[in-house]
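A.B. asks: Take this structure, written in structure tokens, and hold onto it; I'll ask about it next.
Every number here is computed from the coordinates shown, using simple stated rules; none is lab data. Model, not experiment: these values are computed from the prediction. Positions of Cβ are backbone-derived with ideal geometry, glycine not excepted, and every protein chain shown enters the neighbour counts.
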DNA sequence: CACAGTTTCGGAAACGTTTCCAACACCTCC
DNA sequence: GGAGGTGTTGGAAACGTTTCCGAAACTGTG
């Protein structure tokens with residue numbers, strides 16, 4: 001009999017149960033059923049219990065389409081990212097997913113690169129009748145695109161990016177750069193290089209955040225102002241390696257290197273190894289991120305809590321949807337993690 | 001005047017335009033408007049053009065909720081993954097997203113770990129009225145869970161995983177292991193170790209695919225059968241490093257190591273470095289995946305096209321939705337990429 | 001018991017699209 | 001001209017839920 005009941009239940013899943021079925025079985029109206037299932041006031045506790053039990057027995061799930069059409073809310077959030085296979089975005093998504101899931105929201109993913117996809121997304125905003133809110137992650141959106149986005153008529157929060165006309169979450173990017181460069185200065189380095197990252201998909205990339213901290217420190221702390229020490233390359237370990245090779249080919253190589261991200265730092269480390277040099281004996285390297293591989297590589301780095309950024313961004317969006325107050329701008333601190341790739345400069 | 005037109009358009013986006021508005025402006029009925037917008041037959045070309053132009057001028061987008069409620073199709077695909085921040089899943093998602101986007105489908109992301117989330121997902125199948133199909137990626141689903149999934153009444157395709165009662169895409173996992181171990185054998189290695197990966201979230205992890213190829217090769221090719229040479233650890237660079245340390249602590253360390261994935265291999269490489277040893281001079285290392293960092297690390301590895309798996313899986317699902325024939329099981333080949341971490345065993 | 005206030009309940013309209021089928025228009029052939 | 005076939009069009013019903021508002025039931029007080 002147990003086997004037969006299981007089969008009946010399976011068959012019932014295939015034939016979707018509607019609220020009308022639940023109402024009939026519970027002996028109440030559609031309106032009462034809806035109120036009971038949606039935890040709305042105006043239902044006697046005993047009636048509510050009965051309806052919930054009948055719904056459970058029928059394995060009833062609401063029709064999201066009918067619910068949205070009638071009540072307006074989609075209970076879906078769009079997450080817009082420029083890349084999927086890079087660590088940062090996967091990590092943010094972990095935080096976002098957990099928070100949305102906990103609140104009963106679904107996550108719709110939009111990977112928006114360049115060209116037709118991007119034009120289509122920002123021009124017509126096709127997502128606007130599909131979601132209640134949008135989380136924009138690390139998209140180098142132009143001011144026009146940002147403004148366009150606000151016309152969607154949905155809540156927007158940005159993470160991991162730049163100033164925008166909607167609430168944002170980010171790390172103290174400038175502070176992170178500051179921590180890294182100060183660490184090197186305090187070790188005694190004066191000829192310090194930076195390998196900065198540019199987004200291969202962005203049309204321009206102003207000197208801001210981490211890079212700005214570096215250029216400012218050069219002036220304030222009397223560091224070597226050699227422009228050759230400021231390298232800007234597309235992010236990837238390989239480009240980091242190539243930039244490090246260019247730095248090692250200078251008449252006077254730097255004694256320390258600040259890399260925009262751990263991925264660039266990893267590439268730089270391997271160029272150093274291949275050149276027969278070592279950290280921190282011959283040259284110091286510090287990254288930013290604390291990527292999972294950094295601990296294994298013993299890389300000194302500035303840690304940012306990427307997952308927390310995702311959680312916070314989602315939290316802020318949900319608060320906005322619930323009509324609660326939103327902080328317009330939340331900045332997470334970063335923390336210097338000293339490992340084995342930084343030390344005092346070599347004498348002479 | 002140009003500024004004023006732009007503002008009118010922006011205001012119009014905020015107030016959603018419905019199909020009734022388009023029909024009225026085009027001077028046709030709702031039925032004709034729907035046919036024209038959906039590329040259905042039974043509309044005169046001139047009428048269709050007129051409707052399309054009016055829709056474009058009004059920046060009309062359909063109400064997905066009304067469309068789904070009326071026509072049944074959601075045009076959404078669920079992608080179910082056990083992790084988000086690991087490279088493999090980001091890479092698969094890139095391929096999936098591109099293919100779904102091209103076909104006009106939206107991607108809904110479900111990260112299903114362990115515990116309540118997982119029970120909820122597989123038990124009640126809440127996604128079943130939300131999507132037209134499901135792509136299951138790298139989920140170590142039990143047979144009961146797989147069977148349960150088929151009761152959703154939607155198309156299902158799996159990628160990067162195991163045998164299932166629905167179409168699947170994977171690499172030739174066994175072949176990949178074979179390529180790696182053969183490469184080492186052909187270099188002359190006989191005392192070969194394997195660092196195998198287990199999913200920290202799975203309750204069991206049978207010796208299959210790559211690991212099976214290793215254990216079979218030991219018997220067929222007369223390799224050293226020492227059971228200490230078969231290490232199984234949770235995937236991560238750190239666990240790879242620890243397993244490598246255990247192997248180096250043996251009375252007679254292996255002359256070569258096959259790692260289940262490049263991440264494990266990277267960890268192993270660093271233990272080797274820290275022990276003052278080098279590849280391939282002292283010991284050979286081969287991984288599987290061709291992770292982006294592997295080229296930079298000069299790691300010999302077996303390459304799998306992860307993004308192509310995503311594309312294929314999505315393609316197969318869309319074909320199923322379109323009523324086309326689906327191959328029940330598609331296997332992608334892998335390719336050995338020889339770099340600098342493998343060489344002949346040291347003499348003596 | 002009567003009255004007032006509160007809680008619960010149910011019917012019907014609304015939401016915005018899709019699609020079936022009847023009606024009409026047009027064309028071709030005998 | 002009439003018959004038959006083809007293409008186009010439009011009205012109405014359906015989809016499954018939510019919510020407004022009137023009616024009924026219940027509770028407490030004098």
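A.B. asks: Where the label is 7 Å out from Cα toward Cβ, how close does residue B:20 come to the same position in every other copy, in nm, shortest first?
C.D. replies: Shortest to longest, the spacings are 2.2 nm.
A.B. asks: How far, in degrees from 0 to 90, does helix B:209-220 lean away from the longest principal axis of the Cα atoms of chain B, to the nearest 10?
C.D. replies: 30 degrees
A.B. asks: Using a Gaussian network model of chain A whose springs link C-alpha atoms within less than 10 Å, name the residue from A:41, A:292, A:333 with the highest mean-square fluctuation.
C.D. replies: Ranking A:41, A:292, A:333 by mean-square fluctuation puts A:41 first.
A.B. asks: Just the number, please: percent antiparallel of the DSSP beta bridges in region B:228-348, rounded to the nearest 5. Mind showing how you got there, number by number?
C.D. replies: On the way: 3 of 10 bridges.
Percent antiparallel among DSSP bridges in region B:228-348 is about 30.
A.B. asks: Count, for each residue of B:98-108, the Cβ atoms from other chains sitting within 10 Å of its Cβ, then give me the mean as a whole number.
C.D. replies: Numbers: counts 4, 0, 2, 7, 1, 0, 1, 0, 9, 5, 5.
Per-residue shielding by partner chains comes out at 3.
A.B. asks: Run the numbers on region A:66-124 and let me know its relative contact order in percent, using alpha-carbon pairs under 8 Å that are six or more apart.
C.D. replies: Working: 45 pairs, mean separation 24.2, N = 59.
The normalised contact order for region A:66-124 reaches 41 percent.
A.B. asks: Considering chain B as a Gaussian network with a 10 Å cut-off on Cα pairs, which listed residue, B:229, B:321, B:37, attains the greatest mean-square fluctuation?
C.D. replies: B:37
A.B. asks: Calculate the FRET efficiency for residue A:66 and residue B:40 from the Cβ-Cβ distance with a Förster distance of 22 Å, rounded to the nearest 0.05. Write out the running numbers ahead of the final one.
C.D. replies: On the way: r = 24 Å, r/R0 = 1.07.
Between residue A:66 and residue B:40 the formula returns 0.40.
A.B. asks: Note the angle between two axes, namely the Cα long axis of helix A:173-186 and the longest principal axis of the Cα atoms of chain A, as a number of degrees from 0 to 90, rounded to the nearest 10.
C.D. replies: So the inclination is approximately 30 degrees.
A.B. asks: Let me ask something additional. How much FRET efficiency would the formula 1/(1 + (r/R0)^6) give for residue A:118 and residue A:308, where r is the Cβ-Cβ distance and R0 is 25 Å, rounded to 0.05?
C.D. replies: Values: r = 28 Å, r/R0 = 1.12.
Efficiency computed from Cβ-Cβ geometry: 0.35.
A.B. asks: Taking the Cβ-Cβ separation of residue B:151 and residue A:278 as r and a Förster radius of 60 Å, what is the calculated FRET efficiency to the nearest 0.05? Intermediate values should be presented prior to the final figure.
C.D. replies: On the way: r = 59 Å, r/R0 = 0.99.
After rounding, the FRET efficiency stands at 0.50.
A.B. asks: For q values of 0.10, 0.11 Å⁻¹, compute log₁₀ I(q)/I(0) with the Debye formula on a Cα-only model of the protein assembly as shown, without solvent.
C.D. replies: For the requested q values the scattering log ratios are -1.07, -1.23.
A.B. asks: Quick check on region B:173-305: what are the equivalent-ellipsoid semi-axes from the Cα gyration tensor, as sqrt(5λ), descending, whole Å?
C.D. replies: Ellipsoid semi-axes (Å, largest first): 18, 18, 16.
A.B. asks: How would you order A:218-228, B:255-265 from highest to lowest mean count of nearby Cβ atoms within 10 Å? Mind dumping the intermediate values first?
C.D. replies: Working: A:218-228: 12.9, B:255-265: 28.5.
In descending order of packing, they fall as B:255-265, A:218-228.
A.B. asks: So what is the relative contact order for region B:173-305, in percent, with contacts set as C-alpha pairs under 8 Å and at least six apart? Don't jump to the answer; show the numbers that get you there.
C.D. replies: Values: 235 pairs, mean separation 35.1, N = 133.
So the answer I get is 26 percent.
A.B. asks: Kindly express, to the nearest 10 degrees and within the range 0 to 90, the angle between helix B:306-321's C-alpha long axis and the longest C-alpha principal axis of chain B.
C.D. replies: The answer is roughly 40 degrees.
A.B. asks: Using a label point 7 Å beyond Cα on the Cα-Cβ vector, give me the inter-copy distances for residue A:221 in nanometres, one decimal, shortest first.
C.D. replies: Shortest to longest, the spacings are 5.2 nm.
A.B. asks: Quick one: label points 7 angstrom along Cα→Cβ at residue B:143, distances to the other copies in nm, smallest first?
C.D. replies: 6.4
A.B. asks: Let me ask another. Calculate for the protein assembly as shown the 222 nm mean residue ellipticity that helices alone would give, adding -39,500 (n - 2.57) per DSSP H run of length 4 or more and normalising by residue count, nearest 500 deg cm²/dmol. All intermediate terms of the calculation are to be shown ahead of the outcome.
C.D. replies: Values: 28 runs with 310 residues, N = 696.
For the protein assembly as shown, the value works out to -13500 deg cm²/dmol.
A.B. asks: Considering only C-alpha atoms, what is the centroid distance from region A:288-345 to region A:129-188, in Å?
C.D. replies: Distance between centres, Cα-based: 13 Å.
A.B. asks: Please quote Rg/Rh for chain B to two decimal places, taking the Kirkwood radius as Rh and restricting both calculations to Cα atoms.
C.D. replies: Numbers: Rg = 26.5 Å, Rh = 23.3 Å.
With Rh from the inverse mean 1/r over Cα pairs, Rg/Rh is 1.14.
A.B. asks: Which whole number gives the average, over all residues in B:90-96, of C-beta atoms from other chains lying within 10 Å of the residue C-beta? Working shown, then result.
C.D. replies: Numbers: counts 10, 4, 2, 8, 6, 2, 3.
For this peptide, the per-residue mean of nearby foreign Cβ atoms is 5.
A.B. asks: Other chains' Cβ within 10 Å of B:82-89 residues: what's the mean?
C.D. replies: Working: counts 0, 2, 13, 12, 5, 5, 1, 4.
The shielding value for this peptide is 5.
A.B. asks: Right, here's the next one. Any idea what the relative contact order of chain A is, in percent, if you count C-alpha pairs under 8 Å spaced at least 6 apart? Could the numbers behind the result be given before it?
C.D. replies: Numbers: 609 pairs, mean separation 57.3, N = 348.
Over chain A, the number comes to 16 percent.
A.B. asks: Of all beta bridges DSSP finds with both residues in the protein assembly as shown, what is the antiparallel percent, to the nearest 5? Walk me through the intermediate numbers first.
C.D. replies: Working: 9 of 83 bridges.
Taking every DSSP beta bridge within the protein assembly as shown, about 10 percent pair in antiparallel fashion.
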